[in-house]
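To start, the structure under review is shown below, and the notes come after it.
All of the numbers you see were taken from the coordinates with simple rules; none came from a lab. Please read all numbers here as calculations on a predicted model, not as lab measurements. Heads up, the Cβs are rebuilt from the backbone with ideal geometry, glycines too, and the neighbour counts pull from every protein chain shown.
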Amino acid sequence: MNATTAEPASAPVPEDALRRVLAGERPARPGPLLTSLTFGWRALLKIKHVPEQLVDVTMFPIMFTLMFTYLFGGALAGSTQEYLQFLLPGILVQANVMITMNTGITLNTDIQKGVFDRFRSLPVWRPSPLVGALLGDLVRYSIGSAIVIMLGLVLGFRPEGGAVGVVLSVVLLLVFSFCLSWLWTMLSLILRTPNSVAGVSLMVMFPLTFVSNIFVDPKTMPGWLQGVVEVNPITHLATVVRGLMHGSVPAGEIGWVLVSSALLVAVFGPITMVLYRNKK
Amino acid sequence: MGTFAIETRGLKKSFGTTHAVAGVDLAVSVGGVYGVLGPNGAGKTTTIRMLATLLRPDAGEAQVLGYDVVRDARAVRSRVGLTGQFASVDEDLTGVENLLLLARLLGYSRRRGRERATDLLDAFGLAEAADRQVKKYSGGMRRRIDIAASLVVTPELIFLDEPTTGLDPRSRNQVWEFVRGMVAEGTTVLLTTQYLDEADQLADRIAVIDHGKVIAEGSSGQLKASVGAGSLHVRLRAPEQRAEAERVLAGVLEVPAEPSADPAALSARISDPERVARSLAELSRSGIDVTEFALGQPSLDEVFLTLTGHAAEETPEEDAA
């Protein structure tokens, strides 16, 4: 309009470009698998951009393996080497279960920031943002598992079940972790802040992993506690992982783990979806 | 008349004991900008979230582009775009990744998705920032990527929830230009704002909303007319004469004159413009020097004040927490 040039003019709106964009096409809607995988891709991109978030899957398992092996190994099993053979499969279970916690914290952060409103307003299969996030987490669990196993091998862990046993046990762990994560997605839709999600998760997690056979044989525990240990799904998971890694196939126990995994999804999956749909 | 882009009847939503939306009736025609104007906490965002199928209404009905927001939620979702008040993109990802993510979710192939993302970034002047993480964007860029994200598949209707809150004037103008551009291409825009100025500039029709209810509806001209012919603003040379000037003006105009925040200024709402000249002459006869005077249509500010009994733009104390 006038000759005022004191400050740089704002970039003009490129009208042609806007017009072209608004004349866009309307592609066919993709199916549930593709949208879930696309959300999984998002999780991987986040790992790429914020690699710090891998601290829990790297440092935590290393710390625990070293601490338990060298602090308690001698006292619990006579020698650190012997304890390591017992402990390592258990630590692998604990590391994975602990890492699942992150799912809830990440989801809660998404909700706080508002990006979930965008996802929820999209015409896609509704559980796909959650399923996708959990698929992305499988990558994290795999990284965590690989680190624990490598460290174990370096320290002298010798799985009698060989590579096949190790791989099978990791696959089973991934299945269980994926299913357990629905508990955290549910929590993250109930609780208000990422901090409270972390707090509550830890309160569940510590008893769940310690009151099990991960660290010690429950034989020396009082009877009632042995009862608790016996029904804890983590105990069965640790037994299976231990068995597979050391060359036996505890078929009954594997069944147990698969059933409890299915139960976790069957219970917490639908609750999560109802909460997700009605989230304010 | 044809069908409406948005039609609601008795829309209600409460959170606990707070009646966020307490019976909203809207009829928004296709095309153009419809402004929903109200202060913080008036129920604007809750209304938009119900219309965008993110919240289920407690009572009442809402149809968006002819589809019920509860029964045909999916049909609504595939036809509208939503730009929320807060970040509606992933801050950790880059601009192009965000748009590509949405393009893939909406059915574009990887190749076409990338083209689409590039086109959008170009159109919104973000080409150079394409590979930067969104958290490193400025406020204005953030808003533009937010809006671009709502256009990945061209929506028939776009909701913009306070699109310029917190932006500097230049970025605000830019957003306005985009809104006008979209409207020119036939998109219907429903925009909420707490800036009267913004509603005045952009919206063809405005619903004024307060405490979860629509308290007035019409074009900006109609809303202004409902308040009266306008007002006279006068600034005096000597502030100490204000009380006397108040009396003089009230006498001639036959309406009360009110002191403004400026200690030397006062204003009066007038019903009859004829009397204005006489009132100014009367001031000079009484020995009161006037340094400035203006006769204006009522601002939407005044409209709001008249309609609600309180000012529209909140003092920032609420944001302190």
(request) Only helical DSSP H runs with n ≥ 4 go in: add -39500 (n - 2.57) per run for the protein assembly as shown, normalise by residue count and round the 222 nm mean residue ellipticity to 500 deg cm²/dmol. (result) -17000 deg cm²/dmol
(request) Give, in whole angstrom and from largest to smallest, the semi-axes √(5λ) of the equivalent ellipsoid of the protein assembly as shown, with λ running over the eigenvalues of the Cα gyration tensor. (result) 62, 26, 23
(request) Determine the equivalent ellipsoid of segment A:31-278 by diagonalising the alpha-carbon gyration tensor, then write out the semi-axes as square roots of 5 times the eigenvalues, largest first, rounded to whole Å. (result) 32, 19, 17
(request) Do me a favour and compute the ellipsoid semi-axes for segment B:169-246 from its Cα gyration tensor, root of five times each eigenvalue, largest one first, whole Å. (result) 34, 18, 12
(message) Between helix B:274-285 and chain B, what is the angle of the helix's C-alpha long axis to the longest principal axis, kept within 0 to 90° and rounded to the nearest 10?
(response) 50 degrees
(request) Any chance you could run the full-extension gain for A:Leu34 through A:Val274? It's 0.36 nm times the residue separation minus the Cα-Cα distance, nm to one decimal. (result) 84.2 nm
(request) Just need the relative contact order of chain A here, percent rounded to a whole number, with Cα pairs under 8 Å and 6+ apart. (result) 24 percent
(request) Write down Rg/Rh for chain B, rounded to two decimals, with Rg from the C-alpha atoms and Rh from the Kirkwood relation over Cα pairs. (result) 1.07
(request) Note down the magnitude of the dipole of the protein assembly as shown about its Cα centre, charges +1 on Lys and Arg C-beta and -1 on Asp and Glu C-beta and zero elsewhere, to the nearest 20 debye. (result) 2020 debye
(request) Can you check what the net charge comes to around B:Ala184, using other residues whose Cβ is under 14 Å from the Cβ of B:Ala184 (Lys, Arg +1; Asp, Glu -1)? (result) -2
(message) Suppose each label sits 7 Å from its Cα in the direction of the beta carbon; what would the B:Gln297-B:Glu177 distance come out to in nanometres?
(response) 2.5 nm
(request) Kindly put B:Val189, A:Val55, B:Val252 in sequence by how many other C-beta atoms sit within 10 Å of each C-beta, fewest to most. (result) A:Val55, B:Val252, B:Val189
(request) Compare the Cα positions of B:Ala216, B:Gly84, B:Val227 along the charge dipole of the protein assembly as shown (+1 at Cβ of Lys, Arg; -1 at Cβ of Asp, Glu; about the Cα centre) and return the one farthest towards the positive end. (result) B:Gly84
(request) For a footprinting-style exposure proxy, rank B:Asp204, B:Asp146 by other Cβ within 10 Å, fewest first. (result) B:Asp204, B:Asp146
(request) Between A:Lys48 and B:Asp204, take the C-beta separation as r, use R0 = 51 Å, and let me know the FRET efficiency to the nearest 0.05. (result) 0.70
(request) From other protein chains only, count the Cβ atoms within 10 Å of every residue's Cβ in B:114-125, then give the mean. (result) 4
(message) Taking beta carbons within 10 Å but only from partner chains, what does the mean come to for residues B:167-177?
(response) 2
(request) Post the alpha-carbon centroid distance, segment B:279-298 to segment A:110-182, in whole angstrom. (result) 76 Å
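Any idea what the alpha-carbon Rg over 2.2 N^0.38 Å comes to for segment B:229-297?
Normalised Rg, Cα atoms only: 0.95.
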(request) Determine the shielding of peptide B:48-60 by partner chains: average, over its residues, the number of Cβ atoms on other chains within 10 angstrom of each Cβ. (result) 2
(message) I'd like to know which of A:Ile254, A:Leu183, A:Asn278 lies farthest towards the positive end of the charge dipole of segment A:31-278, counting +1 on Cβ of Lys and Arg and -1 on Cβ of Asp and Glu.
(response) A:Asn278
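Compute the length gained on full extension between B:Glu254 and B:Asp58: take 0.36 nm times their separation in residues and subtract their Cα-Cα distance, giving the result in nm to one decimal.
Answer, rounded to one decimal: 65.8 nm.
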(message) Take chain A, mark every one of the GluC sites (Glu not before Pro) that falls in a DSSP loop and has at most 13 other Cβ within 10 Å, then report the longest stretch left between them, sites excluded.
(response) A:26-159
(message) Taking the Cα centroid of segment A:15-40 and of segment B:215-257, what is the distance between the two, rounded to the nearest whole Å?
(response) 53 Å
(request) Taking the dipole about the Cα centre of segment B:146-259, with the C-beta of Lys and Arg at +1 and of Asp and Glu at -1, give me whichever of B:Ser171, B:Leu190, B:Val252 is farthest to the positive side. (result) B:Val252
(message) What does the charge count around A:Ser36 come to, taking other residues whose C-beta lies under 13 Å from its C-beta (Lys +1, Arg +1, Asp -1, Glu -1)?
(response) +2
(request) Would you mind calculating the gained length between A:Glu230 and A:Asp217 on full extension (0.36 nm times residue separation, minus the Cα-Cα distance), in nm to one decimal? (result) 3.5 nm
